[in-house]
1. Of Asp111, Asp192, which residue is without any contact (Cβ under 8 Å) to a residue 60 or more places away in the chain and either farther than 30 Å from Ala15 by Cα or not polar (S, T, N, Q) (or both)?
2. Go through the residues of region 26-38 one by one and say whether even a single one is within 20 Å of Ala155 (Cβ to Cβ) and either without any contact (Cβ under 8 Å) to a residue 40 or more places away in the chain or within 20 Å of the chain's Cα centre (by Cα) (or both).
3. Of the residues that sit in region 46-55 and are farther than 24 Å from Leu106 by Cβ and outside any loop (DSSP other than H, G, I, E, B), which one is farthest from the chain's Cα centre (by Cα)?
4. It is to be established whether one or more residues within region 70-78 are touching a Lys or Arg at 6+ places or on another chain (Cβ under 8 Å), closer than 24 Å to Leu120 by Cβ, surrounded by fewer than 19 Cβ atoms within 10 Å (Cβ to Cβ) and in contact (Cβ under 8 Å) with a residue 24 or more places away in the chain.
5. Could you please find all residues in region 86-98 being part of a helix (DSSP H, G or I) and either buried (at least 17 other Cβ atoms within 10 Å of the Cβ) or free of Cβ contacts under 8 Å to residues at least 60 places away in the same chain (or both)?
6. Kindly check whether there is at least one residue in region 69-80 that is among the hydrophobic types (A, V, I, L, M, F, W, C) and within 16 Å of the chain's Cα centre (by Cα).
7. Can you say whether Glu36 is closer than 21 Å to Arg131 by Cα and either of a type outside the set (A, V, I, L, M) or outside the structural domain of Glu184 (by TED's automatic domain parsing) (or both), as far as the supplied structure shows?
8. Go through (1) in the same structural domain as Gln133 (by TED's automatic domain parsing); (2) in contact with a His (Cβ under 7 Å, 6 or more places away or on another chain) for Lys93 and report which single condition fails.
Amino acid sequence: MSNSIPLGAQHILAAAEPLFASGGYAGVSIQQIAKEANISKANIYHHFQSKDELYLAVLRYAFQDMNQLLKSLQHIEGSPKEQIAHFAREHLKHLLQKQDLSRLVLRELLDSNSSRGQALAREVFSEYFERLQILFRRGQSCGEIRSDVDADHLATALVGMNVFLFQSWNALQHFPESTFQNQEKSGEIMFDLLLNGIAPQGSRT
């Protein structure tokens, strides 16, 4: 967790994360978080003015690693297309390695009302998506990525593909004669489909 966050707040976020992931916003009280963190409710309110503020802080943390990855891509070698492929791999790994946070974000996307959805868009998702959109626009400007589709939809397609693999893997791997045996390998195949389409090579119009 970021060193810019005080240790006391980090402790609270660590306690709140799995509770929110399993119970959602409405299903978790400040008292439960205080009990899990072994502190008083007053201690929580010392760091976070409200439950809403704490909840958004937990969600922002969920995107911290991916924001750092997108920042770092600006300074490493490779074409935009190669950098997008690298991001796709690391994004899927992130979903799999931090499953509590991943489920928390997905739960919020399904359950949030319009006012909290607006807060999520502005305070949690905006920087992440803006950086991903910039990466796609760079690919478009140098001719590596098709330019007839806006970067918003390209970014959403990439993230949505990985999210679907994460959500549905427990079922996919048990399909009769399933070829879904390795999540990272399946992620590579899905990314290739996203990047190059399903038409046979040489037959795209």
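The values are calculated or read from the model by the stated rules, or taken from the named source; none is laboratory data. Predicted model, so just to flag it, every value in this text is computed and none were measured. Note that we place each Cβ from the backbone using ideal geometry, even for glycine, and neighbour counts take in every protein chain shown.
1. None of the others qualify; the one that does is Asp192.
2. For region 26-38, residues within 20 Å of Ala155 (Cβ to Cβ) and either without any contact (Cβ under 8 Å) to a residue 40 or more places away in the chain or within 20 Å of the chain's Cα centre (by Cα) (or both): absent.
3. His46
4. Within region 70-78 (the criterion being touching a Lys or Arg at 6+ places or on another chain (Cβ under 8 Å), closer than 24 Å to Leu120 by Cβ, surrounded by fewer than 19 Cβ atoms within 10 Å (Cβ to Cβ) and in contact (Cβ under 8 Å) with a residue 24 or more places away in the chain), the answer is yes, since at least one residue qualifies.
5. His86, Phe87, Ala88, Glu90, His91, Leu92, His94, Leu95, Gln97 - these are the residues of region 86-98 that are part of a helix (DSSP H, G or I) and either buried (at least 17 other Cβ atoms within 10 Å of the Cβ) or free of Cβ contacts under 8 Å to residues at least 60 places away in the same chain (or both).
6. So far as region 69-80 goes, yes, one or more of its residues are among the hydrophobic types (A, V, I, L, M, F, W, C) and within 16 Å of the chain's Cα centre (by Cα).
7. no
8. Of the numbered conditions (1) in the same structural domain as Gln133 (by TED's automatic domain parsing); (2) in contact with a His (Cβ under 7 Å, 6 or more places away or on another chain), the odd one out for Lys93 is (2).
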